[in-house]
Amino acid sequence: MQVWTGGGYSVPGGTSDTGVWNAGLRYGWILTSPIGPGPLKGRFEYALDAVPVFLIFQKYNTAYAAGFDPLNLKWNFATRGKVVPYLELSGGVLFSNHDVPAGTNDVNFSSSAALGMHFLRERFAWSVEARYMHISNAGLASPNPGINTFQVRLGVGRFFKR
């Protein structure tokens, strides 16, 4: 289980001059024992994210959105002391009170890729990651310029043993 927050700004390839800030709750399941060769050895994790707060700071307005990410595929590399590096691919849906980007649609889909690290402590695990996120309406409306952002995300959570 984890509580996280993150934010960032638009990068080339979509609508420019857009910032985002979001916060959510994650619940995940480690699905495998350590597998793989040498430095690629790790555990596969599947997770769900509830995203009750997703703010999009656009040129003409600030949109409030909420969403759900039912697809979070994560590779937790083998523990190196108290540090666990990971890679993640995610996808979900966002519902907003204004069109995102302006003049398009209030229902959007998100996909992202992240590189991060868990820092294991006695009770909790802290995480920090760099995330690239794409937000678009997947052709539900025209035009469909999308928003590409680079974000930094921080989290605190806990791993439970079976």
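Around Thr18, under 14 Å between beta carbons, what's the net of Lys plus Arg minus Asp minus Glu among the other residues?
-1
With r as the distance between the Cβ atoms of Ala138 and Met1 and R0 = 22 Å, compute the FRET efficiency 1/(1 + (r/R0)^6) and round to 0.05.
Efficiency, rounded to the nearest 0.05: 0.15.
With a point put 7 Å past each Cα toward its Cβ, work out how far Ser16 is from Leu120 in nm, to one decimal.
Those two pseudo-labels are separated by 4.5 nm.
Out of (1) 11, 40, 29, 15, 5, 0; (2) 11, 46, 38, 5, 0; (3) 11, 43, 36, 10, 1, which label holds the value of P(r) over Cα pairs in 10 Å bins from 0, in percent that was computed here?
The calculated read-out lines up with (1).
Pick from Pro145, Pro39, Pro85: which residue has the top mean-square fluctuation in a GNM of the chain where Cα pairs under 10 Å get a spring?
Pro39
So between Lys41 and Val128, what do we pick up on full extension, going 0.36 nm a residue minus the alpha carbon distance?
Extending this stretch completely gives an extra 29.3 nm.
Given a 10 angstrom Cα cut-off, can you work out which residue in Gly67, Gly139, Gly81 is the most mobile in a GNM of the chain?
Gly81
Could you put Met133, Met1, Met117 in order, starting from the residue whose Cβ has the fewest other Cβ atoms within 10 Å?
The fewest-first ordering by Cβ neighbours comes to Met1, Met117, Met133.
Mind checking which of Thr32, Thr18, Thr79 has the largest fluctuation in a GNM of the chain, springs on alpha carbons under 10 Å?
Ranking Thr32, Thr18, Thr79 by mean-square fluctuation puts Thr32 first.
Using alpha-carbon pairs under 8 Å, 6+ residues apart, how would you state the relative contact order of the chain in percent?
22 percent.
Every read-out reported here was derived from the displayed coordinates using simple, explicitly stated rules and does not represent laboratory data. Keep in mind it's a predicted model, so treat the numbers as computed, not measured. FYI the Cβ positions are ideal-geometry reconstructions off the backbone, even for glycines, and counts take in every protein chain you see.
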